[in-house]
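Chemist: Quick one: structure below, then a few questions.
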Amino acid sequence: MIATMPRPAMAAGPAGHLLLPALLSRPYPAVMGVLNVTPDSFSDGGQFATPEHALAQARRMVAEGADIIDIGAESTRPYGSEPISADEELKRLQPVLADVVSLGVPVSIDSMKSAVVAWALDNGAAIANDVWGLQRDGGMAALVAARHAPIIIMHNRDSADPAIDIMQDIAAFFVRSLDIATEAGISSDHIVLDPGIGFGKTPEQSMTALARLNELSIFGLPLLVGASRKRFISTVTPSEPQQRLGGSIAAHLIAAQRGARIIRTHDVAETVQALRVAAAIRERE
């Protein structure tokens, strides 16, 4: 088990109107729809790389009940992804971001580069989603603090180590990230934690992180889980990414039961339905 620590206050802040009601005020989690404007993402690479296709997908997800659209222009899949420059990332984002923002739901920018996040926040994005949890780009924390933007801090590792206790590793990573956030002046009510299912973990460790997700409640911060179409599902029932809807929903229902307040998914309509039905059933316990 993870050692306990003080629970940060969850005071309302400048961005409270964006996140806190969705995270805390209803019996089922907020749903974040994934919009990859990339040619090489593990599940939908190339499907939404043109502005027209990206906007159509964003509209579809909003109609299906997405509370947040998470737009990313660089693949961060664990195997086979190629790093790109900030200029290339911006080249992919610039034709689509304004139109997605105009749909009226909060947009998060999924990037590990502070230059990209700065541009996106200046052009209507509301949330920063850093897959390296403020620990890879030295300018990210100061930028987020200056913009008073909510930040999703995700656990990550350069490689998986099957010998470690993954929950201890996640907790230690979050402690470092939260120290960086505090030093930069990021308010605790602007922080969401993501255990990073599938990132720097064996499939077994990803399942452990889901099974023991409630241990992360010691941080007193909202939790986001994105298990959508991840490889661990295929280790249980062999399948290609787009054949993993059932496994994704199973993982997300367990995550919600164990405290997740945001679910990140490629399959918005099905996930919204599953979360709402599960919540309605629980209300009758």
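Here, each number is a calculation from the coordinates, and none is a lab measurement. Owing to the predicted nature of the structure, the values given are computational and were not obtained by experimental measurement. When we count neighbours, we look across all protein chains shown, and the Cβ atoms used for this are built from the backbone with ideal geometry, even at glycine.
Chemist: So, restricting to helices (runs of 4 or more DSSP H) that lie completely within region 70-181, which ones have at least 3 residues that are in contact (Cβ under 8 Å) with a residue 60 or more places away in the chain and surrounded by fewer than 24 Cβ atoms within 10 Å (Cβ to Cβ)? Steps first, answer last, please.
Modeler: Working: elements: 86-93, 97-101, 114-122, 140-147.
Those helices (runs of 4 or more DSSP H) do not exist here; none qualify.
Chemist: I'd like to verify a number: residues in region 239-285 that are among the charged types (D, E, K, R), in contact with a helix residue (DSSP H, G or I) (Cβ under 6 Å, 6 or more places away or on another chain) and touching a residue at least 40 places away in the same chain (Cβ under 8 Å), how many?
Modeler: Matching residues across region 239-285 total 2.
Chemist: In region 235-274, how many residues are hydroxyl-bearing (S, T, Y), in a helix (DSSP H, G or I) and within 18 Å of the chain's Cα centre (by Cα)?
Modeler: Filtering region 235-274 down to residues hydroxyl-bearing (S, T, Y) leaves 235, 237, 239, 248, 265, 271.
Next cut, in a helix (DSSP H, G or I) only: 235, 248, 271.
Narrowing further to those that are within 18 Å of the chain's Cα centre (by Cα): 248, 271.
Final tally of qualifying residues: 2.
Chemist: Quick check on this structure: which one of Q242, Q257 is surrounded by fewer than 23 Cβ atoms within 10 Å (Cβ to Cβ), of a type in the set (S, T, N, Q) and within 15 Å of V34 (Cβ to Cβ)?
Modeler: Numbers: Q257 fails: within 15 Å of V34 (Cβ to Cβ).
Testing whether each residue is surrounded by fewer than 23 Cβ atoms within 10 Å (Cβ to Cβ), of a type in the set (S, T, N, Q) and within 15 Å of V34 (Cβ to Cβ) leaves just Q242.
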